[in-house]
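In what follows, a structure is listed as structure tokens, so that the remarks can point back to it.
The values are calculated or read from the model by the stated rules, or taken from the named source; none is laboratory data. Values in this document were obtained by computation on a predicted structure and should not be read as measured data. Quick reminder, even Gly has a Cβ in these numbers, built from the backbone with ideal geometry, and neighbours come from all protein chains shown.
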């Protein structure tokens, strides 16, 4: 795609679910939008490597963007799916406890959820859980009826369609190689990966929504100091699919662990079950699933699903979450950095966009769009 003329209104970097939602919101607000995507199609990064869960907003600190945008985004997403006939289901989720210590943690988690505005959780005893899911063993559980699953690819196609119908355009196989602030916006150097030709484009607004690539892109922006760019560790999550029929009709989660929500059971819209993710810290991006990691899955899963058979788990896929740090401290939140933070007019960076990014995509888009009022910040 030819990006000329070189003076553009708004560029969104990244055509994952969050980038597409932002492009849609900006285009519907009347902005002229170009999306720059490194790959040859939408959603080939983390957006295609997640469990497709619509989260309720249970786990996050009450003061966090994750809590606010997940609770808001959940209802926006369900409404959008209904209006656009996107396949989804409010299947519900059980969070289970199997020791007295875990029951105490479960109670704290319920209090956290209430403070986040999740008001529909139900406390269940072992008998009530068995009545819902006979294969699940626990002492106590929280039941979240507003948790669900969604066809994430159909969602992205709908967001793309909305964006394009409102004038947005997507340049696939293009890469942002550098950027610098100018008096009236941000100048980007962009390479066409098909022809290897380069061009410079001046945009009034630039939204860096490149997922795992957002921090590397920000580092290529001159005048953006390191104080405004976090460091990033990669937390790989491996998934294994279950051979045979799913033992559950709802999602089943243990209590969360550092770096993730624990090895849990998710089901897809076809009713197939998978288990994951674990947390594997990696230095370089890769999505290979080592079959040997299943050895650690079996005892974790059997703590709440004791009937899991030997040799019933097969490698499925892996996703990689960006875990962001400032001064060595992990930031367990979305980080949206705009002109009021870094003083570069027209630039908004989105860092640490992991779960619940899918659930929050529409509320994230609203948040970013509110920061992109011309001459605002």
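Of the helices (runs of 4 or more DSSP H) that lie entirely inside the range 280-377, those containing 3 or more residues that are more than 27 Å from residue 33 (Cα to Cα) span 294-302. Taken across the range 202-215, residues that are closer than 15 Å to residue 11 by Cβ and assigned to a helix (DSSP H, G or I) do occur, with at least one present.
Taken together, the criteria exclude residue 142 from residues that are under 26 Å from residue 30 (Cα atoms), crowded, with 21+ Cβ neighbours inside 10 Å and touching a residue at least 40 places away in the same chain (Cβ under 8 Å). Under the condition of being outside any loop (DSSP other than H, G, I, E, B) and at pLDDT below 95, the residues counted in the range 1-42 number 2.
When the range 121-139 is limited to residues that are in a loop (DSSP other than H, G, I, E, B) and out of contact with any strand residue (DSSP E or B) (no Cβ under 7 Å at 6 or more places or on another chain), the one that is surrounded by the most Cβ atoms within 10 Å (Cβ to Cβ) turns out to be 137. Residue 359 fulfils the conditions (1) within 21 Å of residue 230 (Cβ to Cβ); (2) within 13 Å of the chain's Cα centre (by Cα) except for a single criterion, (1). Return yes or no: is residue 225 loosely packed, with under 14 Cβ neighbours inside 10 Å and touching a helix residue (DSSP H, G or I) at 6+ places or on another chain (Cβ under 8 Å)? For residue 225, the condition - loosely packed, with under 14 Cβ neighbours inside 10 Å and touching a helix residue (DSSP H, G or I) at 6+ places or on another chain (Cβ under 8 Å) - is met. Summed over the range 14-38, residues that are more than 16 Å from the chain's Cα centre (by Cα) and either closer than 28 Å to residue 91 by Cβ or buried (at least 24 other Cβ atoms within 10 Å of the Cβ) (or both) total 8.
Of the residues making up the range 71-109, those that are in contact (Cβ under 8 Å) with a residue 40 or more places away in the chain and more than 22 Å from the chain's Cα centre (by Cα) are 96, 97, 98, 99, 102, 105, 106. Looking at the range 307-315, can you tell me whether even one residue there is buried (at least 17 other Cβ atoms within 10 Å of the Cβ) and within 13 Å of the chain's Cα centre (by Cα)? For the range 307-315, residues buried (at least 17 other Cβ atoms within 10 Å of the Cβ) and within 13 Å of the chain's Cα centre (by Cα): absent.
Conditions tested, residue by residue: (1) touching a helix residue (DSSP H, G or I) at 6+ places or on another chain (Cβ under 8 Å); (2) modelled with pLDDT of 95 or more; (3) surrounded by fewer than 18 Cβ atoms within 10 Å (Cβ to Cβ); (4) assigned to a loop (DSSP other than H, G, I, E, B).
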| site | (1), (2), (3), (4) |
| --- | --- |
| 59 | yes, no, no, yes |
| 67 | no, yes, no, no |
| 71 | no, yes, no, no |
| 80 | yes, yes, no, no |
| 96 | yes, yes, no, no |
| 113 | no, yes, no, no |
| 118 | yes, yes, no, yes |
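Among the residues making up the range 39-57, those that are closer than 18 Å to residue 217 by Cβ and surrounded by fewer than 21 Cβ atoms within 10 Å (Cβ to Cβ) are 39, 44. Here's a check for you: in the range 149-185, which residue that is at pLDDT below 95 and surrounded by 18 or more Cβ atoms within 10 Å (Cβ to Cβ) is nearest to residue 203 (Cα to Cα)? So the residue we want is 185. Annotation: of all residues in the range 250-279 being assigned to a loop (DSSP other than H, G, I, E, B) and surrounded by fewer than 13 Cβ atoms within 10 Å (Cβ to Cβ), the one that is modelled with the lowest pLDDT is 258. Take residue 335 and tell me if it is surrounded by 17 or more Cβ atoms within 10 Å (Cβ to Cβ), closer than 30 Å to residue 140 by Cα and modelled with pLDDT of 95 or more. When the stated conditions are applied, residue 335 does not pass them. If you check residue 190 against the conditions, is it assigned to a strand (DSSP E or B), touching a residue at least 40 places away in the same chain (Cβ under 8 Å) and not assigned by TED's automatic domain parsing to the domain that holds residue 348? Spelling it out, it is not the case that residue 190 is assigned to a strand (DSSP E or B), touching a residue at least 40 places away in the same chain (Cβ under 8 Å) and not assigned by TED's automatic domain parsing to the domain that holds residue 348.
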